[in-house]
Amino acid sequence: MKNNLPENEQAVWILKTKGPLPLTTLAASLSVTTEGARFQLQKLAAEGLVKASTVAKGRGRPQQIWSLTEKGEARFPDTHADLTVRLIQSIRDTLGEAALDAVIISQQKNSIRKYNHELSQYHTLEEKVKGLAEIRDNEGYMAEYTKDEEGYLLIENHCPVCAAATTCQGFCKAELESFRQVLAKEAKVTRIDHIISGARRCAYRISPRTI
């Protein structure tokens, strides 16, 4: 998902992708001075996009942490949310839950075919995880990946179909199953963060299989 926010709202993007941050970290991410970052944040706070809270850590001075407000989160909208929810409810009401499940399974199969095709050019697990993150990012999930001692994390900082997923969690189950099937030979996939359960992001632990 491309960062199309204006220059004076770049802190909103950073807080969306990185979560709540202290002023000094935001300043470094913005490549400005601390005072410059504070000025930007104060303007964004006046517009209702960000907010500050004080967090006490150990014996040191309390630290000011900046995060997005609901209005700030709304800068990253749920794609066609109302229409999607109405369509889901219409399928349930007219055709039943089994028909809705069939639609979700069909979409899951389409996703698996697409991901397998686009990832077929890669050979290592890291290449495939990186490729999957790029695909999901292009689909609007603000996706990225990181590597650590346990393997990889596929991180989705935004859910463009959150209303649909909240109305029918079968979409989330299908998403997880798609990742598992695409990476089945190389890794195990577990969801460790879930937006509709209250987390800031969705995150998937990708653990390499051991022989």
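Values quoted throughout were computed directly from the atomic coordinates according to the rules given, and no laboratory measurement underlies them. Everything numeric here is computed off the predicted structure, so don't read it as measured data. Don't worry about glycine lacking a Cβ; one is built from the backbone with ideal geometry, like all the others, and counts go over all protein chains shown.
Values as computed for the structure displayed
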| item | result |
| --- | --- |
| Order by protection proxy (mean Cβ within 10 Å, highest first), peptides 160-172, 88-100 | 160-172, 88-100 |
| Taking the C-alpha atoms of the chain, convex hull volume expressed per residue in Å³ | 153 Å³ |
| Overall form of the range 73-138 per C-alpha gyration tensor (a/c, 1.5; a/b vs b/c) | oblate |
| Exposure proxy ranking, count of Cβ atoms within 10 Å, fewest first, for I105, I206 | I105, I206 |
| Estimated FRET transfer efficiency (R86, K18; beta-carbon r; R0 30 Å; 0.05) | 0.30 |
| Partner aspartates and glutamates for K130 [C-alpha distance under 13 Å; skip if fewer than 8 residues away on the same chain] | E118, E144, E156 |
| Orphan Cys of the chain, criterion: no other Cys C-beta under 4.7 Å | C168, C172, C202 |
| Efficiency of FRET from Cβ geometry, R61 and T190, R₀ 35 Å, rounded to 0.05 | 0.40 |
| Whichever lysines have a C-alpha closer than 18 Å to that of K173, once near sequence neighbours (fewer than 8 apart) are set aside | K109, K114, K188 |
